[in-house]
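Peer 1: Before I ask anything, here is the structure I am working with.
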Amino acid sequence: MKEKVIAFPQLGDYAEPLKRFMHEITGLKVLNMPPITKKTIAIGSKYSPDSVCVPFKYILGNFIESIEQGANVLFHAGGGCRYRYYAEVQETILKDLGYDFEMIQVYQEDGLKPQEAFQNLKKLNPELTVKQVIKKGIYTFFYITYLDKLDHLIRSRIGFEVVENSFLSLKENFIKEANTTPTLHQLKKIYHKYKKQIKKLKIKKPKHCLKVGIIGELYTSMEPFSNYDLEKLLAKNHIEIKRFTNLSYLLWQKKLLLPYMKWKVRKYCRYTLGADGLDNVYRVLWLKKKKYDGIIHIKPSGCTPEIGAMPIIMRVAKKKKMPIIFLSFDEQTGIEGLNTRIEAFYDLLKIRKDEKKHESLFRN
């Protein structure tokens, strides 16, 4: 019998905790996912419907590269907007191309079904118990949570680092240790160790630095290649970054915050808008309250929920006098055009901030 090899779509650093989880509960080999490149999107675009949104093309290209490297069990998250239908459509496309594999969808159309998810995992490991899944799931939950917390800390500092790449090097070291740490207690100790080290790194951060919030579609926010490493570009311009969407938010924080967000944006939204549309309207209000200087809204071309939310976001931003720029990404997007738009936005924010500073000095 052919050895089973697991693969799942690449999604930034989250591949590491997910890879460990899948290996430990199935006992099977989990493929080192190939990094997303221009080749990935070219392959995915070739076999995707023209009108489908860009994350579909990235994921399909990622699956094809994984299968060609030996994967034969593909895990698909599902859930969300049209994302919930991706697994079935991509499975059909891949099988029409002649690939032999098994597709397992974690979230079904009506949400996560724990019993069904457990049975799918048990097919891969007949000796698997509920206790094992819970134990390894809790570890993975905290691994992801700690990773997101470190990222949050890094975003507020990385644009002002004295030694280039010092923050990202520490994060890479945290991931290496977390991948081999046997217990949750030790994982917690490692997190606090790296949290202290990150805070101790030397930075040259002005008191009134530019602060920008990133809002928009979840895949484009979390997969760096899909947004052309936007956060690194902002950091090079010495900007403090706030990005809301991460796995911690999607897995548990959103459910707790959604009723409050609905109440806060009730003047602008009567409905949830789908995916993170309503969330992004609320974030404009939050960023204004926290005195951020500007907002960058990012999405893949063809993202229906974000297209629906954009007129409302523009209206709120205009009312609150918050500068905002909308960036849409597809396989044709050029890095030069992106750099030009970001530089122009940066200049606008800097001029605006300088004018406010002069007005404040004049009043005093």
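The values are calculated or read from the model by the stated rules, or taken from the named source; none is laboratory data. Quick caveat, the model's predicted, so the values are computed rather than measured. Using ideal geometry, Cβ is built from the backbone for each residue, glycine included, and neighbour counts are taken over all protein chains shown. With ligands, DNA and RNA removed, areas are computed over all heavy atoms of the protein, side chains included. Shrake-Rupley method; radii C 1.70, N 1.55, O 1.52, S 1.80 Å.
Peer 1: Pairs under 8 Å by beta carbon, first residue in contact (Cβ under 8 Å) with a residue 40 or more places away in the chain and within 14 Å of Cys303 (Cα to Cα) in the stretch 81-95, partner of a type in the set (Ser, Thr, Tyr) and surrounded by fewer than 17 Cβ atoms within 10 Å (Cβ to Cβ), six or more apart or different chains?
Peer 2: From residues that are in contact (Cβ under 8 Å) with a residue 40 or more places away in the chain and within 14 Å of Cys303 (Cα to Cα), the pairs are Cys81/Thr304; Arg82/Thr304.
Peer 1: Does Leu273 qualify as being among the aliphatic types (A, V, I, L, M) and at positive phi?
Peer 2: Yes: the conditions hold for Leu273.
Peer 1: Here is a further query. Looking at the stretch 62-88, which of the residues that are in contact with a Ser or Thr (Cβ under 9 Å, 6 or more places away or on another chain) and assigned to a helix (DSSP H, G or I) is surrounded by the most Cβ atoms within 10 Å (Cβ to Cβ)?
Peer 2: Step one: list which residues in the stretch 62-88 are in contact with a Ser or Thr (Cβ under 9 Å, 6 or more places away or on another chain), which gives 62, 64-65, 73-74, 81-82.
Add one more test, that the residue is assigned to a helix (DSSP H, G or I), and what stays is 62, 64-65, 82.
Numbers: Asn62: 25, Ile64: 22, Glu65: 22, Arg82: 17.
Applying the filter and picking the extreme gives Asn62.
Peer 1: A follow-up question, please. With the checklist (1) under 25 Å from Pro9 (Cβ atoms); (2) surrounded by fewer than 17 Cβ atoms within 10 Å (Cβ to Cβ); (3) of a type in the set (Ser, Thr, Tyr) in hand, flag the one item Ser169 doesn't pass.
Peer 2: The failed condition is (1).
Peer 1: Please count how many residues of the stretch 173-187 are under 15 Å from Lys135 (Cβ atoms) and either among the acidic types (Asp, Glu) or open to solvent by 20 Å² or more (accessible area, probe 1.4 Å) (or both).
Peer 2: As a first pass, look at the stretch 173-187 and keep what is under 15 Å from Lys135 (Cβ atoms): 181-187.
Okay, now just the ones that are also either among the acidic types (Asp, Glu) or open to solvent by 20 Å² or more (accessible area, probe 1.4 Å) (or both), so 182-186.
The number of residues fulfilling the criteria is 5.
Peer 1: Okay, moving on. If you go through the stretch 47-56, how many residues are buried (at least 22 other Cβ atoms within 10 Å of the Cβ) and of a type in the set (Phe, Trp, Tyr)?
Peer 2: Filtering the stretch 47-56 down to residues buried (at least 22 other Cβ atoms within 10 Å of the Cβ) leaves 48, 53-56.
Among the residues that remain, those that are also of a type in the set (Phe, Trp, Tyr) are: 56.
Qualifying residue count, the stretch 47-56: 1.
Peer 1: From the list Ile25, Ile6, Ile59, Ile36, which residue is assigned to a loop (DSSP other than H, G, I, E, B), β-branched (Val, Ile, Thr) and open to solvent by less than 30 Å² (accessible area, probe 1.4 Å)? I'd like the intermediate steps shown before the answer.
Peer 2: Values: Ile25 fails: assigned to a loop (DSSP other than H, G, I, E, B); Ile6 fails: assigned to a loop (DSSP other than H, G, I, E, B); Ile59 fails: assigned to a loop (DSSP other than H, G, I, E, B).
Result: Ile36 is the single residue among Ile25, Ile6, Ile59, Ile36 that is assigned to a loop (DSSP other than H, G, I, E, B), β-branched (Val, Ile, Thr) and open to solvent by less than 30 Å² (accessible area, probe 1.4 Å).
Peer 1: With (1) within 18 Å of Lys288 (Cα to Cα); (2) not in a helix (DSSP H, G or I) as the list, and Ile313 as the residue in question, which single condition is left unmet?
Peer 2: That leaves (2) as the condition not met.
Peer 1: Could I ask something else about it? What residue, of Lys171, Lys204, Lys211, Lys236, is free of Cβ contacts under 8 Å to residues at least 60 places away in the same chain and either among the polar types (S, T, N, Q) or out of contact with any Pro (no Cβ under 6 Å at 6 or more places or on another chain) (or both)?
Peer 2: Residue meeting the stated conditions: Lys204.
Peer 1: Something else about it: Taking the stretch 112-160, which residues are over 22 Å from Leu187 (Cβ atoms), open to solvent by 70 Å² or more (accessible area, probe 1.4 Å) and of a type outside the set (A, V, I, L, M, F, W, C)?
Peer 2: Selection gives Lys113, Pro114, Gln115, Glu116, Gln119, Lys123, Pro126, Glu127.
Peer 1: Does the stretch 238-249 contain at least one residue that is among the hydrophobic types (A, V, I, L, M, F, W, C), over 27 Å from Tyr107 (Cα atoms) and surrounded by 14 or more Cβ atoms within 10 Å (Cβ to Cβ)?
Peer 2: yes
One line per residue, one yes/no per condition, for (1) more than 18 Å from the chain's Cα centre (by Cα); (2) within 30 Å of Thr140 (Cβ to Cβ):
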position	(1), (2)
His238	yes, no
Leu250	no, yes
Leu256	yes, yes
Tyr292	yes, no
Met314	yes, no
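Peer 1: Right, another one. Being outside any strand (DSSP E or B), at pLDDT 95 or above and not polar (S, T, N, Q) narrows it down to one of Leu256, Leu233, Leu168, Leu251, so name that one.
Peer 2: Details: Leu256 fails: at pLDDT 95 or above; Leu233 fails: at pLDDT 95 or above; Leu251 fails: at pLDDT 95 or above.
Just one listed residue meets the conditions, Leu168.
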